[in-house]
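Engineer: My questions will all concern the structure given below.
Read the figures in this text as sums done on the coordinates, not as results from a lab. Everything numeric in this text was worked out from a predicted model, so none of it was measured. Note: ideal-geometry Cβ built from the backbone for every residue, glycine included; neighbour counts use all protein chains shown.
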Amino acid sequence: MTDALWYFARGSGVVALVLLTVVVALGIGARSGRTAFGLPRFAVSLLHRNAALLAVVFLVLHVVSLLFDPYAQLRLFDVVLPFVGNYRPVWQGLGTLGFDLMVAIVVTSLLRHRIGARAWRAVHWLAYLCWPVALLHGLGTGSDNGTAWLWTVSMICVAVVLAAVAWRLTPNFTRFPHRAERKVAPRLRPLEEVR
Amino acid sequence: MTRLHIDWTACDGRGLCAELLPELLAEDDWGYPMARDGSPSPTVPPALEPNAQRAVDRCPALALHLTREAERPSAPTR
Ligand code: HEM
Ligand code: SF4
């Protein structure tokens with residue numbers, strides 16, 4: 001029974017990482033002129049959002065199963081407070097940090113219309129910290145570190161995100177590469193600041 | 001009466017709204033939305049309100065808002 005928790009925790013952690021990778025790749029690609037899989041843009045946007053929510057579900061399952069796991073000996077505050085754990089505190093702390101970042105990114109995204117585009121975007125860029133932190137946590141902590149399959153999964157995740165970044169950096173990435181930069185008349189700038 | 005308000009200082013011409021509301025919006029040559037009826041804030045018929053709400057929710061630049069006016073134009077609700 002206790003082993004079942006352990007397997008479940010590892011499995012849900014890997015699923016959360018894979019989903020997070022999909023979310024990050026879709027986020028990076030969102031501005032593209034050609035959308036992922038030829039889907040309409042709004043569908044890609046929904047996929048990004050819903051995959052993120054699903055990743056949160058698996059992350060919660062991952063953490064909750066470890067809370068009840070007799071080996072991990074996770075205390076409640078280990079879930080939110082990084083780098084103070086009993087067991088491989090640094091690697092486990094990366095997981096905690098990733099969890100905190102993820103919660104911040106998702107909560108601000110769900111409240112996007114409430115908090116405004118600037119604040120939302122500032123928090124959303126933490127995704128570029130959240131994903132590598134989650135990846136390192138997966139590689140370094142737990143009983144699967146160094147196993148071939150976890151390395152394989154992790155390297156595929158890295159390849160997917162690097163491919164998305166490379167794609168975004170190509171000159172014709174956006175819908176209208178030749179469109180002039182959006183200029184806002186100085187008269188309207190104050191409006192833009194508060195948005 | 002519901003209107004779709006487009007904030008032009010925020011809109012980035014990303015085209016999600018025209019996909020969701022083809023009945024109401026077309027795109028200009030640079031991907032910015034244009035109301036088919038030529039008005040700056042097109043009226044949203046009740047049948048299109050759910051899609052209009054989706055467009056508001058999905059707009060990556062938060063440039064869209066729905067405004068609801070009372071039937072008598074002199075008494076706006078907000
Ligand atoms: C409810 C959850 C979420 C919502 C509603 C949401 C929404 C969005 C939106 C609207 C964009 C802008 C896309 C565009 O410019 O067209 C975006 C971009 C992005 N998102 Fe999310 N997101 C969510 C969760 C996440 C999570 C959990 C991550 C990763 C940890 C993430 C990573 C990204 C990245 C990397 C970008 C690209 C940012 C950039 O460089 O401009 N998102 N997201
Ligand atoms: S979805 Fe938003 S940013 Fe994109 S074209 Fe419509 S109003 Fe502009």
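Engineer: Among A:124, A:48, A:113, determine the one that fluctuates most according to a GNM of chain A built with springs between C-alpha atoms less than 10 Å apart.
Structural biologist: Greatest mean-square fluctuation among the candidates belongs to A:113.
Engineer: Using only Cα atoms, tell me the angle between helix A:2-29 and the longest principal axis of chain A; keep it within 0 to 90° and round to the nearest 10.
Structural biologist: With rounding to tens, the tilt is 10 degrees.
Engineer: For segment A:1-103, with the dipole built from +1 on Lys and Arg beta-carbon atoms and -1 on Asp and Glu ones, taken about the Cα centre, which of A:21, A:79, A:9 lies farthest toward the positive end?
Structural biologist: Positive-end residue among those listed: A:21.
Engineer: Along segment B:6-19, what does the Karplus equation 6.51 cos²θ - 1.76 cosθ + 1.60 (θ = phi - 60°) give for ³J(HN,Hα), rounded to whole Hz, x for Gly and Pro?
Structural biologist: 10, 8, 6, 6, 9, 4, 10, x, 8, x, 5, 5, 5, 5
Engineer: Once phi is turned into θ = phi - 60°, what whole-Hz ³J(HN,Hα) does the Karplus curve with 6.51, -1.76 and 1.60 give for every residue of segment A:68-79, x standing for Gly and Pro?
Structural biologist: Whole-Hz 3J(HN,Hα) from phi for segment A:68-79: 9, 7, x, 7, 5, 6, 7, 9, 4, 6, 5, 5.
Engineer: Please list, ordered by chain and number, the residues whose modelled amide H lies under 5 Å from the amide H of residue A:174; skip anything fewer than 5 residues away on the same chain.
Structural biologist: A:33
Engineer: Here is a further query. Across peptide B:26-38, how many C-beta atoms of other chains are within 10 Å of each residue C-beta, on average? Please report the intermediate quantities before stating the final value.
Structural biologist: Numbers: counts 0, 1, 0, 2, 6, 5, 3, 0, 0, 0, 0, 0, 0.
For this peptide, the per-residue mean of nearby foreign Cβ atoms is 1.
Engineer: Using a simple spin-label model with points 7 Å from Cα along the Cα→Cβ vector, what separation in nm is obtained for residue A:152 and residue B:37?
Structural biologist: 5.9 nm
Engineer: How big, on average over all directions, is the shadow cast by the Cα convex hull of the protein assembly as shown, in nm²? Please report the intermediate quantities before stating the final value.
Structural biologist: Details: hull surface 73.0 nm².
Orientation-averaged projected area of the Cα hull: 18.2 nm².
Engineer: For segment B:2-68, evaluate the Debye formula with one uniform point scatterer on each Cα (no solvent term) and list log10 I(q)/I(0) at q = 0.12, 0.19, 0.22, 0.23 Å⁻¹, rounded to two decimals.
Structural biologist: -0.23, -0.60, -0.84, -0.93
Engineer: Under the rule of at least 5 residues apart or a separate chain, name every residue whose amide H is placed under 5 Å from the amide H of residue B:23.
Structural biologist: Excluding prolines and chain starts, which carry no amide H, there are no hits.
Engineer: I've got another one for you. For chain B, what does the helix formula give at 222 nm: sum of -39500 (n - 2.57) over DSSP H segments with n ≥ 4, over the residue count, nearest 500 deg cm²/dmol? Working shown, then result.
Structural biologist: Numbers: 2 runs with 15 residues, N = 78.
Computed ellipticity for chain B at 222 nm equals -5000 deg cm²/dmol.
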